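What follows is one structure encoded as structure tokens, with my remarks underneath.
The values are calculated or read from the model by the stated rules, or taken from the named source; none is laboratory data. Predicted model, so just to flag it, every value in this text is computed and none were measured. Here the Cβ positions follow ideal geometry from the backbone for every residue, glycine too, while neighbour counts run over all protein chains shown. For accessibility, only protein heavy atoms count, side chains too; no ligands or nucleic acids. Shrake-Rupley method; radii C 1.70, N 1.55, O 1.52, S 1.80 Å.
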Amino acid sequence: MKFVRRTILAAAATGALLAPLAGFAADIKPRLIRFGYGLVENSNQGRAVKYFAEQVEKNSQGKMKVRAIGAAALGPDTQMQQALIGGAQEMMVGSTATLVGITKEMALWDTPFLFNNAKEADAVLDGPIGQKVMDKLQPKGLVGLAYWENGFRNLTNSKRPVQKLEDLDGVKLRVMQNNVYLESFKTLGANAVPLPFSELFSALETKTVDGQENPYNTILSSKFYEVQKYLTVSNHVYSPWIVTVSKKWWDGLSKDEQKILSDAAKAARDFERKDTREEGAKALADLKAKGMQVNELPAAEANRMREKLSKVNATIAADVGQDLWKETQDALAKLRK
Ligand code: TK8
């Protein structure tokens, strides 16, 4: 008995010694981070937030705790952004598209058909252009840490398969609350209705809107297949998510604490992109199995769509600035060489 107790005491002493030693040089205080997001827990977004939380807790020896709050329980993206700016909430991840009202340069990522594939998206988002756009958040009270993948967006609706552009005529289509999306889908002939994501499922269920557009992963995790019959593969735009922090709160953190958050956001980005792509590769089969009728937009129609949508490019270029627009086009041309 005595031996057992001594062993336990010795083990406890070693543990107690090691923990503070490991954290000795680092300036880390106990912190509670309320981290909000829009999708459900069992989604690529939810899984990545969980991974982020684990990284932060581990690398701060348990001092920094992340309280992950999903399913828009803290409100839609725009509401959380305001909470971050005011300092009432510490962190969130959401669509860059909902940030355009705060930072107009974010509209760059709404450009239809900007990226041809995920490799191009990663290169531009993780490179100097992505950083430049992200830095524009700071004067508005937000700090961007990393772009995560939402993904290439595809159309779903409950009316008919979209085989040609005209099939979109009059379809009440929910779009993100953003002028580029509104203008893009109006240009395509749809009756575009801006709505927050948190209201989307019930809007589809009650037929307030006929359709929406989102990546396969989200159509699956948000169970849109329960209220949408037709899925049209259009890949009309690549949409990023962005991890943001309240600048008010961030400025009060030590350099060590900031680094822990920044590193964890990037590690979670790599985890998330891999997870999203793996799930995305199987999702179409899953969605078919759940009863969705899937069609590819014929190449000729996809080209017509691309051509029509190129009209909004001029508006985007004017909004984000001609220099940034040109820099992006040049970077893409270089990547495609
Ligand atoms: C989740 C949204 C979602 C986006 C949308 O909060 O609104 O359609 O694609 O991922 O950010």
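For the set K266/K337; K159/K290; K172/K229; K159/K207, the pairs lying more than 19 angstrom apart at their alpha carbons are K266/K337.
One Cα centroid belongs to segment 190-222, the other to segment 100-115; the line between them spans 20 Å. For R174, the amide hydrogen comes within under 5 Å of the amide hydrogens of V193, D210, G211, Q212, counting only partners 5 or more places away or on other chains and with H modelled in the peptide plane.
Order I33, I102, most accessible first, counting only protein heavy atoms with a 1.4 angstrom probe.
I102, I33
Here the accessible area of the chain is 55 percent carbon and sulfur, with a 1.4 angstrom probe and all protein chains present.
With a threshold of 20 Å on the Cα-Cα distance, the over-threshold entries among K248/K274; K132/K247; K164/K326; K274/K334 are K248/K274; K164/K326; K274/K334. Accessible surface calculations at 1.4 Å, restricted to protein heavy atoms, place segment 152-256 at 36 Å² per residue.
Under the convention that each Lys and Arg Cβ holds +1 and each Asp and Glu Cβ holds -1, the size of the dipole of the chain around its Cα centre is about 840 debye.
Of the whole protein surface, K29 contributes about 100 Å² of accessible area at a 1.4 Å probe radius. Put a plus charge on the Cβ of each Lys and Arg, a minus charge on the Cβ of each Asp and Glu, and nothing anywhere else: the dipole of segment 188-314 about its Cα centre is then about 260 debye. In order along segment 220-230, the phi-based Karplus estimate (6.51 cos²θ - 1.76 cosθ + 1.60, θ = phi - 60°) of 3J(HN,Hα) comes to 6, 5, 8, 6, 5, 4, 6, 10, 9, 8, 10 Hz; Gly and Pro are listed as x.
Close amide-amide hydrogen proximity is noted between M64 and R31, each under 5 Å apart and 5 or more residues distant or on a separate chain (H modeled in the peptide plane; Pro and chain starts excluded). Kindly point out which whole DSSP H helices in the chain project their C-alpha atoms 20 angstrom or further along the helix axis while averaging a Kyte-Doolittle hydropathy of 0.5 or above. Those that clear 20 Å and a mean of 0.5 are 2-22.
Cross-link partners for K140 among the aspartates and glutamates, with Cα-Cα distance under 18 Å and sequence neighbours closer than 8 places in the same chain left out: D77, E90, E105, D251, D319.
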